[in-house]
Amino acid sequence: MEVDEEKPQIIAENPNESVIRERNAEIVSGGNVFYNPVQEFNRDLSIAVLNVYRQRLTKECSEKALKKQRKKVKEQEDEKPTPVPEDHPVYEAGTRYEDGLRILEALAATGLRSIRYAQEIAGVRQIVANDLSRQAVASINTNIRHNKVEELIEPSHSDAMTLMYLSTHPEKRFDAVDLDPYGCPNRFLDGAMQCLVDGGLLLVTATDMAVLAGNAPEACYVKYGSVPLRMKCCHEMALRILLHCIESHANRYGKYIEPLLSISADFYIRIFVRVYVGQAQCKLSMSKQSWIYQCTGCETFTLQPLGITKPNPTAGNPQQLKFGIPTGPAVNSQCEHCGHRHHLGGPIWSAPIHNPEFVQDLLKAVQESNLQSLGTQRRIVGVLSMVQEELQDVPLYYTPDKLCCVLKLEIVPMLKFRSAILHAGYRVSYSHASKNSLKTNAPPAVLWDILRSWSKRHPVNPERMIPGTSLAAILSKECTAEYEFDELHPEANPKSRKSALSRFQENPTPHWGPGTRATIMIGDNKLPKSYRNQNKKQRHKASQHQPEEDHKDNPQAVDEDDDVDVEHLPKQPKLEATA
């Protein structure tokens, strides 16, 4: 929606106005439009992904043209074909190209992300910055003019779902759709699937981690169509639940997804997938989803796919597959390790969640191109390096502390545990989702056997050997092999750890988190409410037990219902405008 020329003056008179600077973009906004500086990593990573995606699209178009030309040569051998240039066109950021990307930011808020896309992504035709809030659209218009990117960005005042449904015509479809809502993105997925071109890029953020991580399985089923389990690998499970949800929306329209990169960071998850059209490939979706059984005692998990594929020898084509339904369940009624029963969760996406070739190109681009000047470049390199080292064919992971907690053992040092697994002939890696993760193709029986061997060095207290517990059931069995803990395996310490890369981010600010709707998450106006809510329950209990005389003598004692005089509270550190 267009805004009159006089409206920016109204925003300029706002006493809460602040200028937010993130790289080359400047955002002028009051306090009623959402902005979170912690998500600078999210924006930087998205810019890097879109740049590499643009390069891959250019390469694919050139290969298609070359293939078409070669086909023409075979059909017309007598005629000399026109040569196809092998050099790819070079695009520059900040310039409009008619053959460039058409990008939709469905929930733009201040428009910061769209402005940065216009300034930093090479090969853009148009960016539609949409928001339902009138004040947000007014802010977007002001910020577009302030950053002088009117040629590339088109403001839109509309409901995001309506806008996507009205963009399903082939000429109106988008090459990339960015969904970064407050909370769950499921309501926007249906429209996004219909307004994307074949091979388009879908960028999705979900911040409702409590739901995805298993704290509210009934809510997760309603929103995502999957039942989560409370496990140590809950962050990777959240990624796989969201991928399952996206795939189910895509399949309704004869489409399927290819995950390029799936990241769990800070308080949210961020997924980058390409969406393709193909009825034949959609049939493989069933074999990419799995149920998950989790033991209620030792928390060992087992995956069972919804479908299986195998070669069809009668077809004559070795590439043709035969689809089937697996037999099950994959576990007995009682756990084979400790004798307890199981929880059933899922379905979840059990296929790889990253594209190794894309991640390699992305890491190279961030290290060598102009993307190396990104504000969070060091962290992006660390995370992508860990993603490269992950075992792509192994869903989910364990943690040594939880495994040792089940058996009440002294925790095995990570490098010793990894060495024991590697010496036993299995593979192992970290997961970018947890700094204490143990992703391995070793079966659970081997992991428990390694811990039984470890218990010989560090015996458990005999008083803990209570019949019927997981501890007694597992440790009462004899070790089936000897495992090497002392000799460090050459692959036990990964390259990303040796290089001391920035792999895991600590809480970057005092007010770290998903934030509040329509709130600038910086400045002094954020501090009083946050301070008032800190230790509120403890202060309320203390005030109930404190005598009235002491309360009168101590004016600093604050009840829960009292109004807090902000001016007399201890000063909190101010946050910078950028993360």
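The values are calculated or read from the model by the stated rules, or taken from the named source; none is laboratory data. As the structure is a prediction and not an experimental result, all values here were calculated from the model. Note: ideal-geometry Cβ built from the backbone for every residue, glycine included; neighbour counts use all protein chains shown. What goes into the accessible areas is simple: the full protein's heavy atoms, side chains included, and nothing from ligands, DNA or RNA. Shrake-Rupley method; radii C 1.70, N 1.55, O 1.52, S 1.80 Å.
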*Express the carbon and sulfur contribution to the solvent-accessible surface of region 280-430 as a percent, rounded to the nearest whole number, probe 1.4 angstrom.*
50 percent
*Percent of accessible area on region 157-201 owned by carbon and sulfur, 1.4 Å probe?*
47 percent
*Considering the zone a paramagnetic label at S62 would reach in this model (a point 7 Å from Cα along the Cα-to-Cβ line), which residues of region 111-143 have amide N under 16 Å from it?*
123
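Count the net charge of all other residues whose Cβ sits under 13 Å from the Cβ of T205, scoring Lys and Arg as +1 and Asp and Glu as -1.
-2
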*What's the center-to-center distance, using Cα atoms, between region 259-326 and region 191-207 in Å?*
20 Å
_What are the ³J(HN,Hα) couplings of region 177-182, residue after residue, when phi is run through the Karplus curve with 6.51, -1.76, 1.60 and θ = phi - 60°? Round to Hz, x for glycine and proline._
10, 10, 10, 10, x, 8
*Cβ-defined net charge surrounding G425, 15 Å radius [Lys, Arg +1; Asp, Glu -1]*: -3
*Just read off the accessible area of S476 with the full protein assembly in place, 1.4 Å probe, to the nearest 10 Å².*
80 Å²
*Mind listing the phi-derived Karplus ³J(HN,Hα) values for region 276-290, rounded to whole Hz, using 6.51, -1.76 and 1.60 with θ = phi - 60°, and x for any glycine or proline?*
10, 9, x, 5, 5, 5, 4, 5, 7, 4, 4, 7, 9, 10, 9
_On a 25 Å Cα-Cα criterion, which of the cross-link pairs K408/K456; K364/K402; K364/K495; K435/K498; K288/K439; K416/K498 come out too long?_
K364/K402
_Accessible area of region 149-249 divided out per residue, in Å², using a probe of 1.4 angstrom_ = 35 Å²
*If ligands, DNA and RNA are left out, what is the accessible area of Y268 with a 1.4 Å probe, given in Å² to the nearest 10?*
0 Å²
_Show me the trypsin sites (Lys or Arg not before Pro) within region 301-393 that DSSP assigns to loop and that have at most 15 other Cβ atoms within 10 Å of their Cβ._
R341
*For region 390-468, what is the accessible area per residue in Å², given a 1.4 Å probe and the full set of protein chains?*
40 Å²
*Given the C-alpha centroids of region 147-179 and region 364-394, what is the distance between them in whole angstrom?*
29 Å
*Would you kindly derive the ³J(HN,Hα) couplings of region 371-379 from the backbone phi angles with the Karplus curve 6.51 cos²θ - 1.76 cosθ + 1.60 (θ = phi - 60°), listing them in order in whole Hz, with x for Gly and Pro?*
6, 6, 8, 4, x, 10, 4, 4, 6
*Compute the signed sum of charges (Lys and Arg +1, Asp and Glu -1) over the other residues within less than 12 Å, Cβ to Cβ, of P217.*
+1
*With charges only on Cβ, +1 for K and R and -1 for D and E, what is the dipole size of region 406-449 about its Cα centre, in debye, rounded to 20?*
160 debye
